[in-house]
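The next block holds one structure in the form of structure tokens; read it before the comments.
The values are calculated or read from the model by the stated rules, or taken from the named source; none is laboratory data. Nothing here was measured: the structure is a model prediction, and the numbers come from that model. Here Cβ is always computed from backbone atoms with ideal geometry, including for glycine, and neighbour counts include all displayed protein chains. Side chains included, ligands, DNA and RNA excluded: accessible areas come from the protein's heavy atoms. Shrake-Rupley method; radii C 1.70, N 1.55, O 1.52, S 1.80 Å.
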Amino acid sequence: MRPASALLWLLLGWTGLGVLAAIGWLPLIAWFAAAALIGVLAAVDAWRLRAEPSPLVQRELPPVVPLGPELVVWLRLRPRGKRPVAFELHDLHPGDWPVRGMPRRLVLPPGRELALDYALTPNGRGRFDFTGCHLRLRSPWRLWTQRRTAGDPASLRVYPNFAPLARMAGLSVEVASRSVGARLQRRRGEGTEFHELRDYRIGDSLRKIDWKATARASRLVSREYRDERNQQVVLLLDCGRRMLAQDDRLAHFDHVLNASLALAYIALRQGDSVGMLACAGEDLRWLPPQQGSGGMDMLLGAGYDLQPRPVATDYLAAASALQSRQQRRAFVVLVTNVRDEDDQELRMAVRLLSRRHLVLVVSLRELALDQAAAHVGEEVDTAIRAAAAMDYLAQRDAMHDALRREGVAMLDVRCHELSGVLVERYLAVKRAGRL
């Protein structure tokens with residue numbers, strides 16, 4: 001309990017009375033009477049504040065929210081006393097989130113429920129706690145304030161921004177793929193899995209005619225094929241220090257996670273299974289390939305709290321762990337930031353994985369390096385920076401070319417193009433029947 005400004009002003013006035021009493025302009029008994037009056041008022045007001053029950057606070061919070069969009073939190077307050085309660089309210093949300101609408105000054109009438117809302121913007125993935133609500137109550141005569149904590153603790157999980165995935169729910173696979181930037185080529189050939197028999201159509205290849213069914217039905221019958229289903233895709237996520245770089249206010253790892261989820265969504269819609277292996281140093285997190293409508297929820301639940309760490313990525317250890325866990329042939333997608341010092345280790349890791357799986361390595365290209373290389377300028381510092389960036393990019397391009405010459409499927413991609421490139425390559429592999 002702390003004195004409010006009104007009590008401090010009373011004490012200041014009492015001090016002034018003491019000065020007047022000291023110089024003889026006021027009887028000393030008046031100064032003592034003023035002290036007794038202020039003491040009685042303060043004691044009664046403090047007792048009434050202590051006896052005042054705290055309002056009931058109920059927070060309405062979704063258990064899962066996406067990263068990025070603004071979150072609206074509702075608070076419902078109910079009084080427990082018989083008089084209006086004046087207080088300041090501040091919800092104990094995660095401290096580094098941008099907030100709009102907090103704190104609030106309120107007067108809660110007796111017998112009435114009050115509902116209010118405020119807005120938060122989650123700026124990180126993971127599990128976050130709301131530890132309660134701070135209330136700073138004012139006493140009836142405004143002489144004291146008291147801070148209390150009301151409401152139950154709550155928590156929520158912040159997932160990657162799945163709003164783009166929700167927008168793709170009502171779209172066909174082709175339209176959904178184009179919506180994330182995949183440039184789809186006209187399909188050539190047919191799928192490899194038999195789907196159904198149907199009547200012959202003009203333009204059908206003779207190879208599609210089922211002659212036995214034609215003889216039984218006394219009319220031309222063709223076979224209908226579709227892309228083979230129940231193939232497996234494994235996302236190999238690099239959680240090392242390379243993924244701490246940022247583009248467009250997001251870490252490279254968040255770009256990778258968003259693109260991986262877009263690829264997973266398309267693959268699950270195609271009837272395939274999607275799994276995940278996340279690696280950071282010696283720490284690994286494995287989710288076996290999942291299929292069906294629940295596969296996306298499991299991927300989100302398994303990867304929502306993954307964070308890049310300032311440790312070196314052990315590509316060979318990750319490849320060995322994946323080989324021991326994933327026995328069936330799969331399309332393995334590794335998105336990382338390849339540097340020239342990764343040459344030998346990455347080659348060995350890809351060579352190990354390629355014994356059983358089809359491997360795609362995607363190297364993220366930093367926007368800052370491209371901008372530095374493009375902006376030569378006339379000043380010495382700018383020219384040196386541009387020359388260093390061009391030399392670095394040339395060395396990395398040379399390593400990429402060396403990996404391609406060894407047969408490694410290697411792509412160099414900017415962050416904003418990543419989702420489209422991954423979906424485009426997956427559909428190309430699937431339609432080519434390479435798995």
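Observations on the structure shown:
- Annotation: Met348 carries an accessible surface of approximately 90 Å², with a 1.4 Å probe and no ligand, DNA or RNA atoms counted.
- Of [x] 24.7; [y] 27.4; [z] 21.7, the label for Kirkwood radius over Cα pairs in Å derived from the coordinates: [y]
- About the centre of its Cα atoms, the chain shows a dipole size close to 1880 debye [charges on the beta carbon of Lys, Arg (+1) and Asp, Glu (-1) only; nearest 20 debye].
- Once the Cβ-Cβ distance of Glu60 and Gln307 is raised to the sixth power relative to R0 = 35 Å, the FRET efficiency obtained is 0.80.
- Ser354 versus Thr131: modelled label distance in nm, points set 7 Å from Cα along the beta carbon direction: 5.3
- Helical mean residue ellipticity (222 nm; -39500 (n - 2.57) per DSSP H run of 4+; nearest 500) of the chain: -12000 deg cm²/dmol
- For region 243-366: rounded, prolate or oblate by the Cα gyration tensor [a/c cutoff 1.5]: oblate
- Accessible area of the chain belonging to carbon and sulfur atoms, whole % at 1.4 Å probe: 54
- Relative to the dominant Cα principal axis of the chain, helix 418-432 is inclined by about 30°.
- Between the residues Ala86, Pro62, Val72, the greatest Cα displacement towards the positive end of the dipole of region 29-131, with unit charges on the Cβ of Lys, Arg, Asp and Glu, is found for Ala86.
- Förster radius 30 Å - calculated FRET efficiency between Ala432 and Ser320 (Cβ-Cβ, nearest 0.05): 0.60
- Theoretical FRET efficiency, 1/(1+(r/R0)^6), r = Cβ-Cβ of Ala383 and Leu284, R0 45 Å, to 0.05: 0.55
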